[in-house]
Structures are given as structure tokens and as C-alpha cells.
1. Over the chain, average the accessible area per residue using a 1.4 Å probe and give it in Å², no decimals.
2. Which distance in nm do the two modelled labels at ASP35 and HIS5 give, with both placed 7 Å along the Cα-to-Cβ direction?
3. At 1.4 Å probe size, with the rest of the protein present, what percent of the exposed accessible area of the chain is carbon and sulfur atoms?
4. Once label points are set 7 Å from the Cα along Cα→Cβ at both TYR59 and HIS74, what is their separation, rounded to one decimal in nm?
5. Could you tell me which of MET32, SER71, HIS47 has its Cα farthest along the dipole of the chain towards the positive end, charges placed at Cβ (Lys, Arg +1; Asp, Glu -1), taken about the Cα centre?
6. Relative to the longest principal Cα axis of the chain, at what angle does helix 34-48 sit, 0 to 90 degrees, rounded to 10?
7. Could you work out the Rg to Rh ratio of the chain, with Rh taken as the Kirkwood radius (inverse of the mean 1/r over all Cα pairs)?
8. Using all C-alpha to C-alpha distances in region 33-72, build P(r) with 10 Å bins and read off the rounded percent in each one.
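The values are calculated or read from the model by the stated rules, or taken from the named source; none is laboratory data. Predicted model, so just to flag it, every value in this text is computed and none were measured. We place every Cβ from the backbone using ideal geometry, glycine too, and count neighbours over all the protein chains shown. For accessibility, only protein heavy atoms count, side chains too; no ligands or nucleic acids. Shrake-Rupley method; radii C 1.70, N 1.55, O 1.52, S 1.80 Å.
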Amino acid sequence: TWVKHPVARPHPVTGRTALYAVSGSSFGIEGMEEDESRRLLDQLKHHATQEKYRLRLKYGVGDVVIWDNASLLHSATLTDPEDPRTLWRITVKEERKT
């Protein structure tokens with residue numbers, strides 16, 4: 001089953017518009033031809049992953065990193081399996097607008 005969501009959406013708290021779909025995490029755009037939607041999603045990914053928008057972290061002991069999935073693309077970088085780390089995930093559920 002495909003999940004539908006907007007290509008861009010307002011942040012639930014700030015209201016700022018953020019991309020919510022790029023190639024790799026989205027597979028088409030409803031109402032567009034497959035090739036056209038793939039090209040647009042690729043362009044959006046290229047735009048969103050420009051160096052000027054990237055933040056890279058080298059984790060250290062005691063570091064805490066928090067990000068907001070409502071307006072951020074993130075990707076995991078492989079780490080040394082001998083380096084232990086603890087990951088906690090907290091999800092805040094948005095209220096549905098009626």
C-alpha cells in the first residue's frame with residue numbers, strides 16, 4: 001500500500017514550508033507521468049542535498065543530537081561497530097486537522 005503525502009508541507013509548529021518528498025524516499029507524484037515525477041523528485045533531492053544545507057557531525061562521548069523530522073532530511077553514516085552508542089527515538093504525534 002502506498003502512503004500519500006504532500007511534496008512540500010508546512011511545519012506543524014512554525015508554519016514554514018519544507019520539502020517532504022525527494023527521490024529515494026518518494027516514488028512518484030500523483031497526477032504526473034512517472035518519468036516527469038521522477039525527474040522532479042531527483043531535482044528536489046539535488047537541491048535539498050547541496051553542500052550549503054548539509055551538517056556533518058563527528059560524534060563524541062556525551063554528545064546529544066536532536067533533529068526535527070518534520071523539516072529535515074537525514075541519513076545515517078556507517079560507524080565502527082566496535083564503538084558503542086545508545087540511540088533513543090522520541091516521536092511527537094501531530095494532531096490531525098479536521
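1. Normalised by residue count, the accessible surface of the chain is 99 Å².
2. Result for the modelled spin labels: 3.0 nm.
3. So the carbon and sulfur contribution to the accessible surface is 54 percent.
4. Roughly 1.1 nm, to one decimal.
5. Going by the charge dipole, the pick is SER71.
6. 40
7. 1.01
8. 21, 36, 28, 11, 4
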